[in-house]
Amino acid sequence: MKFGVVGVIAFVIDYGLLVLLTEVFGVNYLVSATISFTASVIFNYLASMRYVFTHKEGMSRRREFIIFVTLSVIGLIINNLCMWAGVELAHIHYLITKIGATFIVMVWNFVTRKITLAAARIAQGKQDKLYLGNLSSLRDWGYAKDYVECMWLILQNKTPEDFVIATGEQHSVREFCELAFHNAGIELEFVGEGMNEKGIDKATGKVVIEVSPDFYRPTDVVNLWGDPSKAKRELGWNPTKTTFAELVRIMVDHDMKKVAVERAEEHIKTNLAEYLEKGVIK
């Protein structure tokens, strides 16, 4: 409940500031989008740390803040790319484009990234369980690098036209989890349905994925799917240049290395503390 309230307030701040700066003060929509997005993520971070999440043991406030800044910068880039592409290339009103951009950033922040990082942390003993919403939701997952290539091809087109940037393929959140955990060395088996569905590690019998009522939204749009046929036909773009499986592998590989570095840093820190106290190095 608190998670949802904080998210709604953050969206109101983001959308409200965008309208205020653009319509009242005449600021360029991309500048307004940057300011409003930044204000909303700062609020989201402070409110989440205060009311939603608890401080993670073994992780310094400095590291938490660095992770927050890194993810926020990536989210800002995705947000502004979507805004620019929607307004300048697709000629969609910036306020409508903003809604789509918000959804894409939300998917990156709270689903895709959450799954791959959790898979890496669980595989390396840094996390026990991953909580998600509707595992049957279907998404058109795509690689940002390939999408930017399509944007570039659109810019080379002699005639300004509307194009849909998508892969044309659908995969469920459940499929994403299976691939992510597989690449982290964990084979999953799903049991139950809806709110009672669970993902179990076949090797240990341990439940590593559960559906949380905080993330399960009965009114969620479960079927998102784009048609890139025009871009393929007229621009020669290959929307599946990076396959779904390859996309998940790239993300998990990155997060496995990230978590391994965190573990190494913690080990060094522990060694140093023990050496300073006892003169012992393990």
**OP:** Would you mind computing, in nm to one decimal, how far apart the modelled labels at Glu23 and Glu265 are, each placed 7 Å from Cα along Cα→Cβ?
**Re:** 4.3
Original post:
If you take the beta carbon distance between Val222 and Ile96 as r and set R0 to 22 Å, what does 1/(1 + (r/R0)^6) give as a FRET efficiency, to the nearest 0.05?
Top reply: 0.55
**OP:** Treat each spin label as a single point 7 Å out from the Cα along the C-beta direction, and report the Leu155 to Phe103 distance in nm.
**Re:** 2.6
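Which peptide among 8-19, 248-259 comes first, and what is the full order, when sorted by highest mean count of other Cβ atoms within 10 Å? Intermediate values should be presented prior to the final figure.
Working: 8-19: 16.8, 248-259: 18.3.
So the peptides 8-19, 248-259, ranked by packing, come out 248-259, 8-19.
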Original post:
What's the extension gain from Val69 to Met49 if we count 0.36 nm per residue and subtract their Cα-Cα distance?
Top reply: 5.8 nm
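Report the calculated FRET efficiency for Val191 and Thr38 (r = Cβ-Cβ distance, R0 = 35 Å), to the nearest 0.05.
0.25
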Original post:
Exposure proxy check: Leu247, Leu155 ranked by fewest other beta carbons within 10 Å?
Top reply: Leu155, Leu247
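Readers should treat all values here as calculations from the given coordinates under stated rules, not as data from a laboratory. The structure presented is a predicted model; accordingly, all values stated were derived computationally and were not measured. All Cβ positions, even for glycine, are placed from backbone atoms using ideal geometry, and neighbour counts span all protein chains on display.
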